[in-house]
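Chemist: Below you will find the structure I want to go over with you.
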Amino acid sequence: MARTLEQERAALAEDERKLEERRQRLAEKEREAAILAVDKSGLLKVESKRLSCLMTRIRSLGIDEVEKRLTA
């Protein structure tokens, strides 16, 4: 434990900085995993215009509705 209040504040600030870096690394890993999942699904092989239309449709319906329709 720090001896002074300033040292304690500095230690807390450092901990917060490290935690933010971990959160950023985790977000990057999650994004990479999502891209890998899309790639494995074959969607990245679809021509760009068709993929753009599909993404527009998904955005307009919402993810929950798309999942519901795909599982029906």
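The values are calculated or read from the model by the stated rules, or taken from the named source; none is laboratory data. What you are looking at is a predicted structure, and each value in this text was computed from that prediction instead of being measured. Positions of Cβ are generated from backbone atoms using ideal geometry, with glycine treated the same way; all protein chains shown enter the neighbour counts.
Chemist: Could you count how many residues in the stretch 44-71 are over 24 Å from Glu32 (Cβ atoms) and modelled with pLDDT under 90?
Modeler: Of the residues in the stretch 44-71, 0 are over 24 Å from Glu32 (Cβ atoms) and modelled with pLDDT under 90.
Chemist: Here's a follow-up. Write out, first by first residue and then by second, each pair whose Cβ atoms fall under 8 Å of each other, whose residues are 6+ apart or on separate chains, and whose first residue, in the stretch 8-24, is surrounded by 10 or more Cβ atoms within 10 Å (Cβ to Cβ) while the second is modelled with pLDDT under 95.
Modeler: Short answer, once both residue conditions are applied: Glu8/Met1; Glu8/Ala2; Ala10/Ala2; Ala11/Ala2.
Chemist: Do we have Arg23 as assigned to a helix (DSSP H, G or I) and either in contact with a Ser or Thr (Cβ under 6 Å, 6 or more places away or on another chain) or basic (Lys, Arg) (or both) here?
Modeler: Against the criterion (assigned to a helix (DSSP H, G or I) and either in contact with a Ser or Thr (Cβ under 6 Å, 6 or more places away or on another chain) or basic (Lys, Arg) (or both)), Arg23 qualifies.
Chemist: Out of Ser60, Ser52, Ser41, report the one residue that is within 24 Å of the chain's Cα centre (by Cα), surrounded by fewer than 10 Cβ atoms within 10 Å (Cβ to Cβ) and hydroxyl-bearing (Ser, Thr, Tyr). Give the derivation first.
Modeler: Details: Ser52 fails: surrounded by fewer than 10 Cβ atoms within 10 Å (Cβ to Cβ); Ser41 fails: surrounded by fewer than 10 Cβ atoms within 10 Å (Cβ to Cβ).
Going through Ser60, Ser52, Ser41 in turn, the sole match is Ser60.
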